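The numbers here are math on the coordinates, done by the rules we state, and not lab data. Model, not experiment: these values are computed from the prediction. All Cβ positions, even for glycine, are placed from backbone atoms using ideal geometry, and neighbour counts span all protein chains on display.
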Amino acid sequence: MKIFAFAGSNSSTSINKQLVRFVLKSFPNEEINLIDLNDFLMPVFSVDLEKNGFPEEAHRFLKNIEDSDVIICSLAENNRSYSAAFKNIFDWASRINVKVFQDRPMFLMTTSPGGFGGGNVMAEASKFFPQFGADIKETFSLPKFYENFDSDNGVIEPKLLSELNTKIKNFKDQI
């Protein structure tokens, strides 16, 4: 199985990327393609720029999805929505293929330093991603990242770790 994984953040210290890396350890025998959004920088989307064609980075993002069997991602929440870095990639890609996620099974996650764990962006993505070809099989939000996650051990709060492990198992069972 080929896994396409990313964090919806361009931060070099992304807590969402740390969560994705931790979850990917549960797929030790799979082919993993973990990308960095910084490798997909392009101009801010506009219909005026679109008239000149689409950036190669948008095509590469879609090709990564096309070449995968499943998607595992964790979205950063900025001001109760997607990060600007992810939204720009998404906007460009959706103009090439409105079914950005190409009907791939998705494990959708969020985390944040606050107690809501990225719940706003999770609600938004859970509602809209299926309209763009995401087959969301499982979701997980990790609240209070700095209290519940350790860089060496991953999720350290027992109830949250149990919930995450159950969701990983359910995701595997559905794909």
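Tabulated values for the structure
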quantity: Most fluctuating residue given options Gly114, Gly154, Gly53, as computed from a GNM of the chain linking Cα atoms under 10 Å; calculated: Gly53
quantity: Sequence-distant lysines (8 or more away, or on other chains) whose Cα lies within less than 16 Å of Lys144; calculated: Lys17, Lys159
quantity: Evaluated at q = 0.12, 0.14, 0.21, 0.23 Å⁻¹: base-10 log I(q)/I(0), Debye formula over Cα of region 1-100; calculated: -0.39, -0.53, -1.11, -1.26
quantity: Cα-derived Rg to Rh of the chain, Kirkwood definition; calculated: 0.96
quantity: Charged-residue dipole, Cβ positions (Lys, Arg, Asp, Glu), the chain about Cα centre, Debye nearest 20; calculated: 280
quantity: Shape of region 81-175, Cα gyration tensor, a/c cut at 1.5; calculated: oblate
quantity: Mean residue ellipticity (222 nm) of the chain, computed from DSSP H runs ≥ 4 via -39,500 (n - 2.57), nearest 500; calculated: -11500 deg cm²/dmol
quantity: Cα-Cα P(r), region 132-175, percent of pairs per 10 Å interval; calculated: 26, 44, 26, 4
quantity: Cα centroid of region 49-103 to Cα centroid of region 1-32, whole Å; calculated: 16
